[in-house]
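Engineer: Below you'll find the structure I mean.
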Amino acid sequence: MTGFATPLAGYLLVAALLFAIGLAGALTRRNAILVLIGIELMLNAANLNLIAFWRYGPNPQALTGFMFAIFSIAVAAAEAAVGLGLVISIYRHTHTTDLDQMNRMKG
Amino acid sequence: MGVIFYLLAALTLAGGLAAVLLKNTVHCALALTVAFAGLALLFLRLDAQFAGFAQILVYVGAVAILVVFAILLTRGSETPTEGVFSRSWFVGLVIAAAVFAALGAAIVESAPALPGETAAPSVTVLGIGDALVTRYVLPLEIVALLFTAAIIGAVIVAMREKERAK
């Protein structure tokens with residue numbers, strides 16, 4: 001089973017596909033929580049890219065891409081906490097998580 | 001590129017697809033957990049043990065639970081009658097397909113020039129900790145500050161507002 005020229009190309013393709021899936025989810029779903037799930041998938045695809053480039057890059061001992069991925073995981077966790085807090089807060093206000101119905105900026 | 005890579009890639013992508021496509025929101029959250037676990041296994045395949053276990057701890061352990069909590073707190077588990085996809089779903093699908101086409105074309109085009117199989121780098125937790133407190137100490141401190149701000153911000157945003165004065 002040698003579908004790709006190099007292992008790195010395989011990982012990059014998986015990451016690109018996962019990113020496209022996450023983007024499609026974020027752009028097409030109605031529920032705000034599902035949009036956040038799509039964003040999380042996109043962030044994870046970026047992490048996979050970072051780790052793959054670190055592993056097959058010229059100088060993996062420098063840990064550069066690896067550290068970038070670790071910090072990216074940390075920032076994504078903070079983003080998820082704040083994002084879900086916002087969804088809960090909006091739900092209390094409007095009693096819906098349907099993004100098609102959130103069409104006014106006035107509270 | 002062994003069979004294991006294809007199995008893990010299929011597991012991850014199937015989890016991601018299910019998370020985006022399923023109707024029941026709780027099922028979506030569970031499928032998301034599968035995708036996160038598949039990604040953690042891919043990280044382990046890439047000799048990034050620390051990142052793989054951090055992925056399991058942070059995503060499978062914390063973020064997935066947080067998503068389930070948010071779904072239950074907002075009664076999002078009830079499937080809406082008017083469908084789960086927004087009115088402009090077709091435009092979103094086209095944009096996602098265009099982005100994937102651009103990324104895929106770039107990868108396929110540059111595939112022969114990408115570096116091939118290399119020896120696995122020997123990364124120890126000692127080395128990671130050493131790098132975190134020497135070369136990467138400033139990002140580490142900034143992330144610590146970000147976490148403090150995020151915790152306070154999330155609590156304040158989600159805190160129930162006092163009943164307005166009548």
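Engineer: Just to check I understand the Karplus step: with θ = phi - 60° and J = 6.51 cos²θ - 1.76 cosθ + 1.60, what whole-Hz values come out for the range B:23-40, glycine and proline as x?
Structural biologist: For the range B:23-40, the Karplus-derived couplings read 7, 6, 5, 5, 4, 4, 5, 5, 5, 4, 4, 4, 4, 4, 5, x, 5, 4 Hz, x marking Gly and Pro.
Engineer: At R0 = 22 Å, how high is the FRET efficiency between B:Ile4 and B:Gln49 if r is their beta carbon distance? Nearest 0.05 is fine.
Structural biologist: On the way: r = 16 Å, r/R0 = 0.72.
The computed FRET efficiency comes out at 0.90.
Engineer: Run lengths n ≥ 4 of DSSP H only: what is the helix-derived mean residue ellipticity at 222 nm for chain B, with -39500 (n - 2.57) per run over all residues, to the nearest 500? Provide the component values of the computation, followed by the final result.
Structural biologist: Working: 7 runs with 110 residues, N = 166.
The per-residue figure over chain B is -22000 deg cm²/dmol.
Engineer: Pulled fully out, how much extra length does the chain show between B:Ile156 and B:Val26, if you take 0.36 nm times their separation in residues and subtract their Cα-Cα distance? Please report the intermediate quantities before stating the final value.
Structural biologist: Values: separation 130, 0.36 × 130 = 46.80 nm, distance 2.58 nm.
Result for the pair: 44.2 nm of gain on full extension.
Engineer: Just the number, please: carbon plus sulfur as a percent of the accessible area of the range B:121-166, 1.4 Å probe, no ligands or DNA/RNA counted. Spell out each step's value before the answer.
Structural biologist: Working: 2660 of 3740 Å².
Ligands and nucleic acids excluded, carbon and sulfur reach 71 percent.
Engineer: Residues of the range B:99-131 losing 40 Å² or more of accessible surface, assembly versus chain alone, probe 1.4 Å, please list them.
Structural biologist: Going by heavy-atom accessible area, the residues of the range B:99-131 that drop by at least 40 Å² are B:Phe100, B:Ile107, B:Leu114, B:Pro115, B:Glu117, B:Thr118, B:Pro121, B:Val123.
Engineer: Could you check how much of the accessible area of the range A:59-107 is carbon and sulfur, as a whole percent, using a 1.4 Å probe? The partial results should precede the final answer.
Structural biologist: Values: 1610 of 2550 Å².
Carbon with sulfur: 63 percent of the solvent-accessible area.
Engineer: Still on this structure, I have one more. Please find, in a Gaussian network model of chain B (springs between Cα atoms separated by less than 10 Å), the residue of B:Leu132, B:Leu22, B:Leu41 whose mean-square fluctuation is greatest.
Structural biologist: The residue with the greatest mean-square fluctuation here is B:Leu132.
Engineer: Sticking with this structure for a sec: Which is the longest stretch in chain A that no exposed loop site breaks, taking sites as trypsin sites (Lys or Arg not before Pro) with a DSSP loop state and at most 13 other Cβ atoms within 10 Å?
Structural biologist: Numbers: sites that count: A:Arg104, A:Lys106.
Between exposed loop sites, the widest span is A:1-103.
Engineer: Still on this structure, please answer the following. Please work out the average accessible area per residue across the protein assembly as shown, using the 1.4 Å probe convention, and give it in Å².
Structural biologist: Details: 14080 Å² over 273 residues.
Accessible area per residue, the protein assembly as shown: 52 Å².
Engineer: Roughly how much accessible area, to the nearest 100 Å², goes out of reach of solvent when B and A pair up, both sides summed, probe 1.4 Å?
Structural biologist: Working: alone 13420 and 7790 Å², together 14080 Å².
That pair hides around 7100 Å² of surface in total.
Engineer: Amide H of A:Arg29: which non-local residues (sequence gap of 5 or more, or other chain) have their own amide H closer than 5 Å, using H built in the peptide plane?
Structural biologist: B:Ser86
The values are calculated or read from the model by the stated rules, or taken from the named source; none is laboratory data. Predicted model, so just to flag it, every value in this text is computed and none were measured. Because the Cβ atoms are built from the backbone with ideal geometry, glycine has one as well, and the counts that use them run over all protein chains shown. Remember, those area values only see protein heavy atoms, side chains included, never the ligands or the DNA or RNA. Shrake-Rupley method; radii C 1.70, N 1.55, O 1.52, S 1.80 Å.
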